[in-house]
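Visitor: Below you will find the structure I want to go over with you.
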Amino acid sequence: MDTAEIVKLCQRHTIFSWSAQSKVAPVVVDRASGIYFWDPSGKRYIDFNSQLMCVNIGHNHPKVVEAIKKQADRLLFVYPGFATEPRARLGKLLSEIVPGDINKFFFTNGGAEANEAAIKVARLYTGRHKILSRYRSYHGATHGAMQATGDPRRWPTEPGASGFVKVMDPVPYRFRFGESEEEQTRRNLEYLAEVIDYEGPQSIAAMFIETVTGTNGILPPPQGYLAGLRELLDRHGILLVCDEVMAGFGRTGKMFAFEHYGVQPDLVTMAKGLTSSALPLGALGMRDRIAAHFDNNVFWTGLTYSSHPMGLAAALAAVRVLIDEGLVENAARMQNVMLEHMAALKKKHPSVRAYRAIGLFGGIELQKNSRGEPLSAYNTTHEAVTGLGKALLDRGLYTMTHWHMVFCNPPLCITAEQLGEAFAIFDEALAVTDAVFEG
């Protein structure tokens, strides 16, 4: 098919996510390799968002391709009540790389289902019903995961299931708990302790957090927050669930983001970088004492494609590439390179409000004026932000924008030279948002 026919048929017969269908104008992707993908005409794009922050090892890694081919020749599918070699090997590998006493895993089709399973496990293990989560969060589009989600994508699904309670983040969108990180942590945890009292700690099963907030701002937790949160939850027997779907598998310069903060979650959810999205796969990891509960109690959940051998084989290869090729360490090294480029953009472009990165998990905030007002209000998109995304794409760089942010989340195999190439494109394209800066 030619490009026009592909677009026409996709628009006529398929639905695109999170979009009014009449406004969709997709780029056609023909092939991909490393940090790049190409359209059918041969135009090359830098994938500066790893698609959905998920192609962590880069596109079409030959070792992953080969692992998928070998598994396809041997065994495509068995139902999840059977044991397979890829299941045995991946479970063992994850028990070795996930810190602490998280040694048992339930395999799902993706991150939303991993969070759904975590909700069930928390309730079954504790005998409690309520789930705490934060407003600046996204945990998936399935029903339970969406009710745990704090951002406005939840609104059209309401009223939802019962028992979900939202709390403020240590760094809310407008309100400030304090200027210093220590003050933000102290005041937020005082507030959270009061919410727990109001809700009845004996009724709360777990608190879900994105270890580093993803699409709602790329926000690492302030100093001392995770340790203080862990202590507060332990005081009441409330489980800590770290959603590492986006932040896990090297994205932050550690294999898992919670390793930066010296805290052990009770449950950890993962997907995306688990297979580098070569095939769908998610997982829920649980501490030994929680896993032991299900030795004599039924694990009341299941999926037709749980522990799918094709996904498991892809994950084994993708995780081995992360480890063997030092991509986690490369993400840590490239953090400062990225921050230096971001600092240069802020110095030059008045529309750049702020920037941040942990590993290769980064973003740039855009501002409306010298008072630092965000270019887009909460849950809105400014036409200049849309224009910036188009200007980047026209120049051969793909990434996502969200409200007043543009994301910087390239594959972890990116080099310093390639980062320079990408930020040179940003330097040109930011003229679009500079043009609407009010001074």
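Visitor: Can you tell which of Gly34, Gly217, Gly81 shows the greatest fluctuation in a Gaussian network model of the chain with Cα springs below 10 Å?
Guide: Among Gly34, Gly217, Gly81, the largest GNM mean-square fluctuation belongs to Gly81.
Visitor: Under the rule a/c < 1.5 gives rounded, and otherwise a/b versus b/c splits prolate from oblate, where does region 182-322 land using the Cα gyration tensor?
Guide: Because a/c hits 1.5 or more and a/b fails to exceed b/c, region 182-322 counts as oblate.
Visitor: Run the numbers on region 274-422 and let me know its relative contact order in percent, using alpha-carbon pairs under 8 Å that are six or more apart.
Guide: 19 percent
Visitor: While we're here: Run through region 1-74 and list the chymotrypsin sites (Phe, Trp or Tyr not before Pro) located in a DSSP loop whose Cβ has at most 13 other Cβ atoms within 10 Å.
Guide: Phe16, Trp18
Visitor: Mean Kyte-Doolittle of at least -1.0 plus a Cα span of 24 Å or more along the axis: flag which DSSP H helices in the chain meet both, please.
Guide: Those that pass (Cα extent of 24 Å or more, hydropathy at least -1.0) are 327-348.
Visitor: Okay, moving on. Based on the inverse mean of 1/r over its pairs of different Cα atoms, what is the Kirkwood hydrodynamic radius of region 72-182, in Å?
Guide: Value: 16.9 Å, from the Cα pair sum.
Visitor: Further question: Scan region 393-439 for GluC sites (Glu not before Pro) in coil per DSSP, keeping those whose Cβ has at most 12 other Cβ atoms within 10 Å, and list them by number.
Guide: Listed in order of number, the matching sites are Glu438.
Visitor: At Asp324 and His143, where each label point lies 7 Å from the Cα along Cα→Cβ, what is the point-to-point distance in nanometres?
Guide: In this crude spin-label approximation the distance works out to 4.3 nm.
Visitor: What dipole magnitude, in Debye to the nearest 20, does the chain give about its Cα centre under +1 on Lys/Arg Cβ and -1 on Asp/Glu Cβ?
Guide: Value, rounded to 20: 560 debye.
Visitor: Before rounding to the nearest 500, sum -39500 (n - 2.57) across all DSSP H runs of length at least 4 in the chain and divide by the residue total; then give [θ] at 222 nm in deg cm²/dmol.
Guide: -12000 deg cm²/dmol
Visitor: Amide H to amide H, which residues 5 or more places from Ile358 or on other chains are under 5 Å from it, using H placed in the peptide plane?
Guide: Distant-sequence amide H within range of Ile358: zero hits.
Visitor: Then there is this: So what is the relative contact order of the chain, in percent, for Cα pairs below 8 Å that sit 6 or more residues apart?
Guide: 20 percent
Visitor: With a sphere of radius 11 Å drawn around the Cβ of Asp288, what net charge do the other residues whose Cβ falls strictly inside it have (Lys, Arg +1; Asp, Glu -1)?
Guide: Result for the neighbourhood of Asp288: 0.
Visitor: Determine the distance separating the Cα centre of region 224-282 from the Cα centre of region 373-427; give it in Å without decimals.
Guide: 26 Å
Visitor: Moving to a separate point now. Hey, got a sec? Which trypsin sites (Lys or Arg not before Pro) in region 332-435 land in a DSSP loop and have at most 11 other Cβ atoms within 10 Å?
Guide: Arg371
Visitor: A further question follows. What percentage of all Cα-Cα pairs in region 62-324 are separated by more than 31 Å?
Guide: Result for the distance tail: 23 percent.
Each value in this text was obtained by applying a stated rule to the coordinates, not by laboratory testing. Here the structure is a predicted model, which means the values were calculated and not measured. We place every Cβ from the backbone using ideal geometry, glycine too, and count neighbours over all the protein chains shown.
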